[in-house]
1. With a cut-off of 8 Å between alpha carbons and a minimum separation of six or more residues, what is the relative contact order of region 61-185 in percent?
2. Which FRET efficiency value, to the nearest 0.05, is calculated for residue 215 and residue 186 with the Förster distance at 25 angstrom and r the Cβ-Cβ distance?
3. Leaving out ligands, DNA and RNA, and with a 1.4 Å probe, what % of the accessible surface on region 118-182 is carbon or sulfur?
4. For the pair residue 102/residue 62, report the inter-label distance in nm, with labels modelled 7 Å from Cα in the Cβ direction.
5. Suppose every K and R has +1 on its Cβ and every D and E has -1 on its Cβ; what is the size of the dipole of region 30-167 about the Cα centre, in Debye to the nearest 20?
6. What Kirkwood Rh does region 61-137 have if only Cα atoms enter the pairwise 1/r average? Answer in Å.
7. Enumerate the calculated ³J(HN,Hα) couplings along region 17-28 in order (Karplus 6.51 cos²θ - 1.76 cosθ + 1.60, θ = phi - 60°), each rounded to whole Hz, writing x wherever the residue is Gly or Pro.
8. Describe numerically, in nm with one decimal, the distance between label points set 7 Å from Cα along Cα→Cβ at residue 127 and at residue 79.
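The values are calculated or read from the model by the stated rules, or taken from the named source; none is laboratory data. The structure presented is a predicted model; accordingly, all values stated were derived computationally and were not measured. Methodologically, a virtual Cβ is constructed for each residue, glycine included, from the backbone with ideal geometry; neighbour enumeration extends over all protein chains shown. To get the accessible areas, we keep the full protein, side chains included, count just its heavy atoms, and leave off ligands, DNA and RNA. Shrake-Rupley method; radii C 1.70, N 1.55, O 1.52, S 1.80 Å.
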Amino acid sequence: MGFLWTLLELLLAFIIIALFALLSAIFIEASRRSHNHTHVEAPAIFEDPNSLKQVPCPHVSDPAEKYISLIIPAFNEEHRLPGALEETMNYLEQRAAKDKSFSYEVVIIDDGSSDGTKKAAFNFVRKYTVDNVRVILLGRNHGKGEAIRKGMLHSRGELLLMLDADGATKVNDLEKLENQIHAFARKEYHTGDSAASDSSIKISDIPIAAFGSRAHLEQKALATRKWYRNFLMKGFHLVVVLTAGPGIRDTQCGFKMFTRAAARKLFTNIRLKRWCFDVELVFLCKWFGIPMIEISVNWSEIPGSKVNPLSIPNMLWELALMSFGYRTRMWKIFN
């Protein structure tokens, strides 16, 4: 009996030490990220591969110069990126040919790739010029959230769309998000062509977020996906509701559009660098009172996904950081 008590005491001591170590690690990392705004002032450049000249980077706080920016994070995507980019550029070029007022840019963020992603991206810069396609090199791998943040901070569009490099969502679905943003703006802010409209109000000045969603595909996904992805999806959704609250059924779809005003508020504050930055976006939208519209999009699973069972601990870690950082007010939110 004495042996069992000793064993239980050792187990309890181990649990207490483990919890203390975990809480200490969360506190230290959350504290480190409480000053995570050096990226805002950090200089950034685009390189023109044709002239080899450096093009100064704009900032999201500057006035918009394009109608729409497409931000594509890429990590070791030399095989999937070219096909997705070809489809994207064909759509954008065709739309620009039909509508002379339509202007665009594609910003590709190479998140420390070790394959030919950089070469593939620069091939499109050469073909379409640095005014339409730009590449940001992060040097080392930071994570999808950090890559998108960097792209958003240095884009020129009135509307800013983040989309994945694998082409899982068809690029023309951006019109669904775009139309809903304009419809919401016309309804709430009286923009548009009506006599009562205020023509001085630009869509870029109205904070709105549109979230592409695969929630309507959930039943089919449960039947076709691998078990660990279904487990991850269900468990993650529960944790998301507990962390950021309800409101968005599918936070993790990589197809989201923001007005410039919304992006300015969100991406100068976001701190999570990897998979869970989408959840932080939902939290920050609620904090700022930015309207969130969830819109069903066409989506297909593309081979080569980087989500795997090992992603689960990282997701839980980031959600713990986020919850601790904001609930303790350690993470200040800047307007």
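1. 40 percent
2. Between residue 215 and residue 186 the formula returns 0.45.
3. That share works out to 44 percent.
4. 2.5 nm
5. With Lys and Arg at +1 and Asp and Glu at -1, about 200 debye.
6. After inverting the mean inverse Cα-Cα distance, the result is 12.9 Å.
7. For region 17-28, the Karplus-derived couplings read 5, 5, 5, 4, 5, 5, 5, 5, 5, 4, 4, 5 Hz, x marking Gly and Pro.
8. 2.0 nm
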